[in-house]
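For reference, the structure is listed below as structure tokens.
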């Protein structure tokens, strides 16, 4: 009998290997004679391991075990000149490059190639359509015009014209260049082998094992094996109780649809198969097999669910319904960890979700478990490929802080230095320049670095922090690092703006090797070694050799093409083992994709990602032909993929002793629909008073990172540093924080902590404020006064800033000109008054409290503008480009800056010529230059005292000055007590946003003070 079936619940490969040895009477010299043809390379390895296990490791010559997926001339058993008459296969990169070029020519609107990567993907989809058609024996040249008849919309006719690329142009190119499409050649090879076996047969056994494949070329090969006297077709898990009329017309999404189609093409029936089984090696009770076969019955037979409703249980079958992907990964890792406590127990995770597989692999690292992940990793995620991506992105974005640091922090990059040294210089550059300076470009960053060095060299060493001191100590090396970057990047940045794809690839490789080389190791030794390095080098070699046809493209377009070219490329590496002491994969833990898991035997399997869109997958007919058109052309519908994944699901559930079905409830923060098979299984069990036992892994996961005991609320911080540590001076602007949040002064001045500025954080508000202040200072230093000079000073201050992006600069130009116009109008009005005197702009001063308090304490400040009038009075101005404090806030003392400037001026802090002068008014100038008009806010106002008498503006300001000064003295004296704590937000009401004078509610040190853990504000939210 040439047709054999092994039940689901039997160890397929073990029975197969034992039967092979029985067939040759266990004679060692006969075992090696013959061929076993299997669906994939993973089965090859598993079958070899099975033979070794049966022979208990005894040396033996095995039969030739071949995977049909990797078949070529070397794998075929051919004699004569059959195969050598075939033309070679066209290189895939060359094919995609040519198709990309043809698409651009076909659609002139794509000539600009802004989305070259997307066009490359379109070319790949055209190649996939040709591959599908070749597997299905469909001639696109003949079938496409017939499929698109008059009943279709006009746009389908346009698509048909577009598809002449693959129906006419491409076949002619293949003919002219004497090459074949890769799949066409593979199909031809299979048919040549099938024809050879049909004519000549084989004197040795030839077994085709584990196939469910109805593609015509594969069917021909299997048919030729069946007809040989020593040939066998061996399948697994035939369901015999389905009626023949149902079996022959199964929906494509049914698990047995592909098998039924294959049987029909081979001209065989289910009852033609001999059953091989060994009751002693049964892995799964027949009741479970029957349960899953009943669960997945075709819709026409669902009435059978009502026939037998006896109570059912599924021993060793568990369900896990984690909250999201992360909890799913943690729970699966815990299941694997628990299973390994049993000696010799082998466990596998099977999932089509590569993200889940990687999450689980990372979680297993908690316990030092390194799983054998046979599905590999995408080539674009390997370190060298990531480096190439970061390189192109940095050049395209003109070295913004994020793109530059991403490149410099790649573990391969060293710029000629020892890696540790390069990391240290990068850190200093980041903290001192890139997080302080918003502009991009290596030249601009170099300018900012030199400017920063000059500033630090003028500073007193005592006032330099640790980071600044280190930066200054390594200033020359950091400048050299920037210089080296400019030199190494030259091949990509200099030369033609547009080049061919191969030229871009050569330049990219040159830059990558330069950036990763140092005295210890050459860059090429680091980039192109090991499995992933070899795979990437081969890919780039193909691009350089075959992609010259893609000419006149920019670097951005090349980036899109390079990234798109990685699609579908998987590399099998042992990178996970590098750097580990044992350098060994765990021998009993596996992570498999669906194809790799077929026919494998383990003790426990976890089926992960059982949700619609993952397992089963999303159905996609492709961008070119519709479902009805596929049917007319004879190209399989994508629904068959769902059927194959259903077969994989059933095979695993019915062949492994212990299974766990993992069904996440959310994916990417959105609810998911559970896999249809899980929904069916629950419904079938519910009618029989049965349930799937919930696995306890979720409860384990909740406890894994949970601290013991209840949460203990903490009290607000009350730091009381010794007097010697407390600040002996303070700026006027910091007094407000001292009043509202003393803890901020403690963290900033005593702990010397500074917020790390976010990379490319929006600092436009502070930069714009600096531009306005600098522009007005320049204007008041001019001799003479006219509107043109004010505008010129403002524009000059704007243009000299190197940390403003061009689009922002153009917008701000109109804003500063509007501010200049308003300031000029105000100034003209003031200068026309007889009392106008002189202007002091950006004047700094300090006041020592030693005489008044007996405490060595200094108040420092810079006044934006002080006017000394002709009559000896003073007016003080403060510029605000953001939100100015309200009059009420200043009067109440919540925003003391302007009042304290007045007191300092009165007491001679800004010079003796301003001392003891009557202050007649205080102003805020709100300078925004936007849609709202700029305005002047007068702080001093006439009020009534307690007796109802009117108080003048001058008296009001004088009283405010006296009150604020006394309050500041009390504050200085209070914090001169070593028992006085620096409390965090002792007056929460001051932080109400409705109060325009409140500082930002959540400051830089809220997290450090753990405000949200103890404050009443957190409870209110």
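The figures follow:
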| read-out | value |
| --- | --- |
| Spin-label proximity, residue 520 to the range 398-414 - amide N less than 17 Å from point 7 Å beyond Cα toward beta carbon | 409-414 |
| The chain: angle of helix 555-565 to the longest principal axis, Cα-based, in degrees nearest 10 | 30 degrees |
| For the chain, share of DSSP beta bridges that run antiparallel, in % to the nearest 5 | 35 percent |
| Contact order relative to length of the chain, as percent, for alpha carbon pairs under 8 angstrom and 6 or more apart | 13 percent |
| For the chain, calculated [θ]222 nm from helices alone, where every DSSP H run of n ≥ 4 adds -39500 (n - 2.57) | -14000 deg cm²/dmol |
| FRET efficiency, residue 786 to residue 813 (Cβ-Cβ, R0 22 Å, nearest 0.05) | 0.70 |
| Whole-number percent relative contact order across the range 379-571, with pairs defined as alpha carbons under 8 Å at least 6 apart | 30 percent |
| Simple label model, 7 Å out from Cα along Cβ direction - residue 177 to residue 56, nm | 5.8 nm |
| Segment residue 679-residue 24, extension gain: residue separation times 0.36 nm, minus the distance between their alpha carbons | 231.1 nm |
| Degrees between helix 41-54 axis and first principal axis of the chain (Cα, 0 to 90, nearest 10) | 60 degrees |
| Residues 498, 420, 942, sorted so that the one with the fewest Cβ neighbours within 10 Å comes first | 420, 942, 498 |
| Centroid-to-centroid separation of the range 290-328 and the range 49-68 [C-alpha atoms, Å] | 37 Å |
| Burial ordering of 785, 247, fewest other beta-carbon atoms within 10 Å first | 785, 247 |
| R0 of 51 Å, Cβ-Cβ distance residue 825-residue 640: FRET efficiency to nearest 0.05 | 0.10 |
| Extension gain (nm, one decimal) between residue 324 and residue 493, 0.36 nm per residue minus Cα-Cα | 56.4 nm |
| Cβ-derived FRET efficiency at R0 60 Å, residue 710 paired with residue 959, nearest 0.05 | 0.65 |
| For the range 658-703: rounded, prolate or oblate by the Cα gyration tensor [a/c cutoff 1.5] | oblate |
| Residue 689-residue 287 pseudo-label distance in nm [points 7 Å out on the Cα-to-Cβ vector] | 1.4 nm |
| Crossing angle, helix 257-266 versus the chain [Cα axis fit, 0-90 degrees, rounded to tens] | 30 degrees |
| Distance in nm between pseudo-label sites at residue 761 and residue 423 (7 Å out along the Cβ direction from Cα) | 2.4 nm |
| Option label - volume of the Cα convex hull per residue in Å³ computed here, alternatives (i) 261; (ii) 394; (iii) 213 | (i) |
| Per-residue Cβ neighbour rank within 10 angstrom, fewest leading, 790, 693, 511, 656 | 693, 511, 790, 656 |
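Throughout, read-outs are computed from the coordinates displayed, never taken from laboratory work. Just so it is clear, the model here is predicted, and its values are computed rather than measured. No Cβ is skipped: glycine too gets one built from the backbone with ideal geometry, and neighbour counts run over all protein chains shown.
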